Amino acid sequence: MSVRSIRILRLLTPLSAISSSVSTAIAILSNEWLHTIEYMPNSLYQKFTITDQKEFHEKITVSGLWQLCHNDPPQTLMRCLVIDYFSKEEYSPDPNDSTMAIPYAAKRAAIFLMISCVILLIGQLLCFLGHVCTRRRVFTFAAGIAF
């Protein structure tokens with residue numbers, strides 16, 4: 001490798017490590033991962049009549065890793081609740097309302113996200129140690145495995 005390509009790699013490696021940590025932080029801290037709209041039938045709606053009733057109510061759900069917000073049709077005001085990761089109650093599916101399936105799925109996926117964050121942090125630490133320590137190749141190799 002030429003000296004120029006080594007310098008470019010030395011510059012791009014920490015930049016890619018920083019960009020991966022920023023994107024992971026945004027993914028963990030943002031609370032709007034999932035936007036869903038369910039159309040629920042309106043029992044007050046009558047066909048072929050002129051009323052201000054809609055045929056379907058919209059149930060809107062916005063969810064992230066930490067919080068779940070939803071409305072109760074026909075209201076449009078959003079109600080938010082914090083996802084409890086250490087609750088004792090069991091999940092029982094409701095065929096008419098899928099809102100409570102979202103915290104269940106978030107609880108199951110959170111452990112994998114946290115493990116990946118730890119592995120990324122280890123990789124970033126090894127990457128930066130590879131730039132300041134004397135045994136650079138070993139640290140850079142280990143950082144590449146972690147990434």
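The values are calculated or read from the model by the stated rules, or taken from the named source; none is laboratory data. In this text the structure is predicted, and so the values were computed from the model without any measurement. As a convention, Cβ positions derive from the backbone with ideal geometry for all residues, glycine included, and neighbour counts pool all protein chains shown.
Within segment 13-23, is even one residue surrounded by 13 or more Cβ atoms within 10 Å (Cβ to Cβ), at negative phi and assigned to a strand (DSSP E or B)? Within segment 13-23 (the criterion being surrounded by 13 or more Cβ atoms within 10 Å (Cβ to Cβ), at negative phi and assigned to a strand (DSSP E or B)), the answer is no, since none of the residues qualifies.
Which residue out of SER87, SER43, SER21 is closer than 30 Å to ALA142 by Cα, out of contact with any strand residue (DSSP E or B) (no Cβ under 7 Å at 6 or more places or on another chain) and among the hydroxyl-bearing types (Ser, Thr, Tyr)?
SER21
Can GLY123 be described as under 27 Å from the mean Cα position of the chain (by Cα) and within 23 Å of SER19 (Cβ to Cβ)?
On the way: under 27 Å from the mean Cα position of the chain (by Cα): yes; within 23 Å of SER19 (Cβ to Cβ): yes.
Taking the combined requirement at face value, the residue satisfies it.
Looking only at segment 70-118, which residues are over 24 Å from LEU44 (Cα atoms) and polar (S, T, N, Q)? Of everything in segment 70-118, those that are over 24 Å from LEU44 (Cα atoms) and polar (S, T, N, Q) turn out to be SER87, SER92, SER116. Looking across segment 30-77 at every residue that is among the aliphatic types (A, V, I, L, M) and farther than 30 Å from ILE111 by Cα, the one that is modelled with the highest pLDDT is identified as LEU77.
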